[in-house]
């Protein structure tokens, strides 16, 4: 049966564009509590993972995340919308995590002095474009586990920078704002952290080449 000339196929509704973090902040400041809850739902998983990787404590990361979101809510009016909300959020989270570690381990962390070398290190080599075999998948999981252990062994300040760069994919300038460090110091410490990881993972990396 042919459709009549006046028949029109139903048009699927166009989904509304997802609100930006900054729009949700503005709505929350305007009294919309649901907007802040949306921000929490949007960022809580990655924030908890970030805090866990810094502290190495799953339960502690959950508690710290709650403290961070409370701090964010109480300080929302001070947020500068010229910068990404995530940058501001991770600055608060990273500072809280480091304070937590310093209270648990009050010893001073001695870092190597900065040099004029601001190299960002060499980028990771892309994997070959083919479906991984079960053996390759197992090797990848083993390597990922070793990397996680090696990252946890880094001094806290270095670990924080590596996680912001390679887990949260922050730009160098964003990391500088999050940590209140000069841009050159950020680049230098990330370079040094990568060198520490290469040394720690030398046996694995050599076997991969």
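Here residue 41 fits the description: within 19 Å of the chain's Cα centre (by Cα), surrounded by fewer than 16 Cβ atoms within 10 Å (Cβ to Cβ), assigned by TED's automatic domain parsing to the domain that holds residue 84 and part of a helix (DSSP H, G or I). Residues satisfying the criterion are absent from the range 153-176 (criterion: more than 23 Å from residue 86 (Cβ to Cβ), modelled with pLDDT under 60 and surrounded by 15 or more Cβ atoms within 10 Å (Cβ to Cβ)). With respect to the conditions (1) modelled with pLDDT under 65; (2) under 30 Å from residue 81 (Cα atoms), residue 131 lacks only one, and its number is (2).
For residues that are more than 14 Å from residue 91 (Cβ to Cβ) and touching a helix residue (DSSP H, G or I) at 6+ places or on another chain (Cβ under 7 Å), scanning just the range 50-59, find the one that is surrounded by the most Cβ atoms within 10 Å (Cβ to Cβ). Only one residue fits best here, namely 55.
Report, by residue number, each residue of the range 178-192 that is part of a helix (DSSP H, G or I) and modelled with pLDDT of 90 or more. Result: 183, 184, 185, 186, 187, 188, 189, 190, 191, 192. From the list 69, 85, the lone residue that is farther than 23 Å from residue 162 by Cβ and either touching a strand residue (DSSP E or B) at 6+ places or on another chain (Cβ under 7 Å) or modelled with pLDDT of 90 or more (or both) is 69. Is there any pair linking a residue in the range 54-81 that is at positive phi and in contact (Cβ under 8 Å) with a residue 12 or more places away in the chain to one that is in a helix (DSSP H, G or I) and surrounded by fewer than 18 Cβ atoms within 10 Å (Cβ to Cβ), with Cβ under 7 Å and at least six apart or on different chains, and which? From the range 54-81, the pairs are 56/152.
Condition first: outside the structural domain of residue 167 (by TED's automatic domain parsing), more than 17 Å from residue 87 (Cα to Cα) and not in a helix (DSSP H, G or I). Can you find one or more residues in the range 51-65 that meet it? Yes, the conditions are met somewhere in the range 51-65.
Restricting 77, 27, 35 to residues that are modelled with pLDDT under 90, in a helix (DSSP H, G or I) and touching a helix residue (DSSP H, G or I) at 6+ places or on another chain (Cβ under 9 Å) narrows the list to 77. Within the range 147-173, being more than 13 Å from residue 194 (Cβ to Cβ), without any contact (Cβ under 8 Å) to a residue 60 or more places away in the chain and assigned to a helix (DSSP H, G or I) holds for 149, 153, 157, 172, 173.
The values are calculated or read from the model by the stated rules, or taken from the named source; none is laboratory data. Just so it is clear, the model here is predicted, and its values are computed rather than measured. Ideal geometry is used to build each Cβ from the backbone, glycine not excepted, and the neighbour counts take in all protein chains shown.
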